Amino acid sequence: MVRLLRRSAPSLSLLIASFAVWEGLASADSATLRLIPPPSAVFAAMAASADRLLRLHIPTTLYEALVGTAIALIIGVSAAALLDFLPMLRRAAYPLLVISQTIPLVAIAPLLILIFGFGVESKLVIVALFGFFPITVATLDGLTATDAELVALLRAMGANRLQIWRKVRLPSALPSLFSGLRIAATYAIGGAMIGEFVTAQYGLGQYLRQAFNQSRLDQGFAAVVIASALSVALVASVALAERLLLRWYFTPERESGWQLER
C-alpha cells in the first residue's frame, strides 16, 4: 500500500495542481473564462445529482463499457488468431482493417443505433467497435514477435501448429494483448457515452446531453470528470489483472528496465 501511494504521489500532486489552476482560471476576471465552471461548482453539481448518478447513469454506462469491452476482447483475439493462422487472409484483410479505422464512429453512431435499435445493444456495438482494433493489432503483433527458437524447439519435438500456438505463441502474445486491452479500456467509457448522447434513457452521455440542453455547464463538466475517473479505474483494473495473471512476466529485471541504479 505504501509503495502504491509512493508511486501515485506525483500523479496525484499534478492532478491537485491542475484543479488549483482550473479554479484560478475559472475565477479570473474574464468574460470567456467565467463561462468555465470552477471545480468547486462541478463537484457541487456532482453532489447534488449523486443519487441519480450512482443509481442510474453511472451503472448504465459502466455496464455498457464492460460488456462492450468483453465483446471487443473476444472478437479481437479471435480475429488475431485467424489472421495469424492464415497469412494469406492477413495480407488481404489487414489493410482493410486499418482503413476501417479511418471512419469516424461519431459520424456513424446514429446509423448504428438505427440498425441495432435504441436499446443497450447499439451502445455495446459502438464500444466493441472502439475496442476491437487495438486488441486485434496488439495481439497480432505479439503473436508475430514470438521467439523463433522456441518455435523451432517445439517443432523439433514433434509439436503441431495448434500445440505450438497454444504453448508458445499465445503465452508470448499475452503482454501485447493486455497492452491493447488497456487502450480499449480507455475508449470504453467514451464510446458508451457517444451512443448515449445520441439517444438513451440513462447513462452519462444522456446526463451530459441533458446538462448541455439546460445550459448547465457545471453538470456537463461533472459528467466529463466522472467519465475520466471511470476510465482511469478501468485501465487500472486491466493493469491489476495483467499483474495477477502474468506474474512470470513482471520480473524485477524487466520492471527496472534500462534504468540503472546509481
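What follows draws every value from the coordinates through simple rules; no lab data is involved. Fair warning: this is a prediction, and the values are worked out from it, not measured in the lab. When we count neighbours, we look across all protein chains shown, and the Cβ atoms used for this are built from the backbone with ideal geometry, even at glycine.
Mean projected area of the Cα convex hull of region 23-100, taken over all directions, amounts to 9.1 nm².
With the convex hull of the Cα atoms taken as the outline of the chain, the averaged projected area works out to 19.2 nm².
Residues of region 120-147 with the amide nitrogen closer than 20 Å to a label point 7 Å from the Cα of residue 108, along Cα-to-Cβ, please. Zone members listed by number: 120-138. Separation of region 52-85 from region 200-225 is 23 Å, based on Cα centroids.
Computed from the C-beta positions of residue 101 and residue 160 and an R0 of 25 Å, the FRET efficiency is 0.15 to the nearest 0.05. Were the residues from residue 149 through residue 63 laid out at 0.36 nm apart, the gain over their Cα-Cα distance would be 26.7 nm. Put in order of Cβ neighbour count within 10 Å, fewest first, the listed residues 46, 88 become 88, 46.
Between residue 225 and residue 40, the simple spin-label model (points 7 angstrom out along Cα→Cβ) gives 1.3 nm. Here the spin labels are modelled as points 7 Å beyond Cα on the Cα-Cβ line, and at residue 247 and residue 115 they lie 4.4 nm apart.
Estimated purely from DSSP H runs of n ≥ 4, each contributing -39500 (n - 2.57), the mean residue ellipticity at 222 nm for the chain is -25500 deg cm²/dmol once divided by its residues. With neighbour counts taken as other beta-carbon atoms within 10 Å, the residues 243, 90 rank, fewest first, as 243, 90. Using R₀ = 41 Å, calculate the FRET efficiency as 1/(1 + (r/R₀)^6) where r is the Cβ-Cβ separation of residue 51 and residue 91; round to 0.05. About 0.15, to the nearest 0.05.
Membrane-span-like helices in the chain, defined purely by DSSP H runs whose alpha carbon atoms cover 30 Å or more axially and whose average Kyte-Doolittle hydropathy reaches 0.0, are 2-26, 58-85, 120-144, 170-198, 217-245. If only the Cβ of Lys and Arg carry +1 and only the Cβ of Asp and Glu carry -1, the dipole of the chain around its Cα centre is close to 520 debye.
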